[in-house]
Amino acid sequence: MSAGKRITSMHFTVKAILAKFFLEQDKFNRIKKFIVILGFLSVVCIGCFICCLKYRKINEASSEKLTEACIACNKGNWQKGITILDETIIKFRKTPAAYQARLIKADIFTELRAYNDALQILSEIISNGKPDVIKPLASARIIYIYDLKKDYFNAILASKEFIDKYSDHFLVKDIYFNLAEYYLLSGSKDQAMKIFNEVLLNFPATEEAEKAKDRLNSIKQRG
């Protein structure tokens, strides 16, 4: 074999070896990349699983605490109930359970006629409560407290704020109807009639509409 042919043959051999090397290297890189991706996904899955377990444990533990507090309050041991709720708020800080504990604590203060303490807690829930579904429940309780205090001016303001913020909430029909009653109690008959008519318009074929109709007839009969 001539020198030229040997060089050409060696050239093709080297090219073949290099091609095989790069093919194997590319295959290795693909496998390496796949392993890295698989490892990353495994870490994410394990992390999610651990978070779910942790979240479940937190929910179970906080539910037990809330139940324990309610049992204590039902037995008339208000102080024990409040203490357990405070423990729940501290231990499960910024969780839904903590805000639910605050809501129950506000109910206890309302029952004990510690209205200012209850209002302070409820205002905090409206500002920072989680999840958002707890906020209208706090707002409705604020209206109820003003009702108990016969503070109809603030009851009207709180009711109007509720209607503006939570127009689709299941409690809005009651809030609307009671708003008209607060206007009546504060001496604003014309405004009360206007709200009763809005109840008829906005919530036809409901119990609140029937009650509003009766109230309007009663007001007209009295002149």
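The values are calculated or read from the model by the stated rules, or taken from the named source; none is laboratory data. For clarity, every value in this text was computed on a predicted model and none was experimentally measured. Heads up, the Cβs are rebuilt from the backbone with ideal geometry, glycines too, and the neighbour counts pull from every protein chain shown.
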**In region 166-177, the residues that are farther than 16 Å from residue 218 by Cα and in contact (Cβ under 8 Å) with a residue 12 or more places away in the chain** = 166, 169, 171, 173, 174, 175, 176
**Prompt:** Only one residue in 76, 39 is at pLDDT below 50 and not aromatic (Phe, Trp, Tyr). Which one?
**Reply:** 39
**Prompt:** Quick one: which of 83, 67 is outside the structural domain of residue 128 (by TED's automatic domain parsing), at pLDDT 80 or above and surrounded by fewer than 19 Cβ atoms within 10 Å (Cβ to Cβ)?
**Reply:** 67
**Message:** Quick check on this structure: which one of 166, 182, 176, 146 is among the aromatic types (Phe, Trp, Tyr), in contact with a Leu (Cβ under 9 Å, 6 or more places away or on another chain) and over 22 Å from residue 97 (Cβ atoms)?
**Reply:** 146
**Message:** Restricting to region 131-157, name every residue that is loosely packed, with under 15 Cβ neighbours inside 10 Å and of a type in the set (Lys, Arg).
**Reply:** 149, 150
**Message:** I need the full set of residues from region 109-130 which are surrounded by 17 or more Cβ atoms within 10 Å (Cβ to Cβ) and modelled with pLDDT under 90, in order please.
**Reply:** 129
